[in-house]
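Working notes, structure below.
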Amino acid sequence: MEPIRIASRAGKLALIQSNHIRSLLEGLGCDVEISIVKISTKGDRDKSDFLYKSDSIGFFTSEVENAILDGRADVAVHSLKDLPTAGAEGLIVAAVPKRQSVADALVAKGPVSSIADLPAGATVGTSSLRRIAQLRRLRDDINCVPLRGNVETRVSKVAEGLVDAAVIACAGLNRMGLEDKISAILPPEQFLPAPGQGALAVQIRAEDAELGELVGRLDDKNARLGAETERHILASMHGGCSIPLGVYTRICDDTISIDAIICDLEGKRYIKRSKTVPVTQAKTTAEEMADELLSAGGREILDEIRNTPNQ
């Protein structure tokens, strides 16, 4: 087999994730050189505002995908929640390895153990509509402000007092070795995560059968099933990765439990659906749940967001 080049965003977390996949591939015993190719993406360069104000699809992923398509690399490693649900032509996700924590974490400067402990009128940094909606549902006095940058930058802005707290994915903090910065883990059954949160996607060219066989050995059946079910709901709602949708799946033996919510940005209209079904019905149930969320008021919520001019 030819040497394997892994395309990765150039940020520290992305490189940690890509090197993790490199280590897993090396652990398979393949006698081949594996290197990392650093790619700068629009999402890394533009840190100016809320993510949802960008019209770009694949804000963090398209330029990495292009590196595989044009032959600069052979494999790409993505945070699955950043990957558009409509796959790029000519590429496949060959593996979804074992998943990290799906939960969000509260990182606060003061001694707090929950969102309820934040001071009145607390400023919370996040650029996620899903997090904004759920924060305001729990605390209508909270002031949500844009917070971009890598994980370390967001943690440091809390430490510097630029915001009272931030909501950051546990997976990123864990992978960065920053577990000690977590003030509270937000229970995912109460504060629902993004579709695919905590999962990695290992992407290759669809035509690379030999490489696909190798990378496919990293695939975790339950991680893929859970993440794909969550993303089926997102895709069925015709939303990008920036809509206020939270989905949480749990797999036990041959059944999958699915919780999904959509909430307006003021936290006033909160629509939730929950189902437990055989794993063989996961995809159709995800599509049914998406229809139910839209019919119960989700369509109006999404229309309002899409029709609100960017400020």
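The values are calculated or read from the model by the stated rules, or taken from the named source; none is laboratory data. Please read all numbers here as calculations on a predicted model, not as lab measurements. FYI the Cβ positions are ideal-geometry reconstructions off the backbone, even for glycines, and counts take in every protein chain you see.
Key figures
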item: Residue within region 37-47 that is modelled with pLDDT of 95 or more, buried (at least 20 other Cβ atoms within 10 Å of the Cβ) and aliphatic (A, V, I, L, M) present; result: no
item: Condition broken by S127, with the remaining ones in (1) farther than 27 Å from A260 by Cβ; (2) not in a helix (DSSP H, G or I) satisfied; result: (1)
item: Unique residue being at pLDDT 95 or above, among the small types (G, A, S) and surrounded by fewer than 20 Cβ atoms within 10 Å (Cβ to Cβ) when the list is A171, A120, A165; result: A120
item: Flag for V279 being modelled with pLDDT of 95 or more, crowded, with 16+ Cβ neighbours inside 10 Å and either over 21 Å from the mean Cα position of the chain (by Cα) or at positive phi (or both); result: yes
item: Any chance Q197 is within 21 Å of S8 (Cα to Cα) and assigned to a loop (DSSP other than H, G, I, E, B); result: yes
item: Meets criteria (surrounded by fewer than 20 Cβ atoms within 10 Å (Cβ to Cβ), touching a Lys or Arg at 6+ places or on another chain (Cβ under 6 Å), among the basic types (K, R) and not in a strand (DSSP E or B)) for R99; result: no
item: Some residue of region 278-290 being part of a loop (DSSP other than H, G, I, E, B) and not β-branched (V, I, T); result: no
item: Residues that are of a type in the set (D, E, K, R) and in contact with a Leu (Cβ under 9 Å, 6 or more places away or on another chain), drawn from region 181-211; result: K181, R205
item: Hits in region 269-295 - residues which are over 18 Å from Q134 (Cα atoms) and among the basic types (K, R); result: K275, K283
item: Matching residues, region 102-112, being modelled with pLDDT under 95 and surrounded by 18 or more Cβ atoms within 10 Å (Cβ to Cβ); result: V112
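Here is a yes/no grid of residues against (1) assigned to a loop (DSSP other than H, G, I, E, B); (2) at pLDDT below 95; (3) among the β-branched types (V, I, T):
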site: E230; (1), (2), (3): no, no, no
site: I233; (1), (2), (3): no, no, yes
site: G239; (1), (2), (3): yes, yes, no
site: Y248; (1), (2), (3): no, no, no
site: I262; (1), (2), (3): no, no, yes
site: G267; (1), (2), (3): yes, yes, no
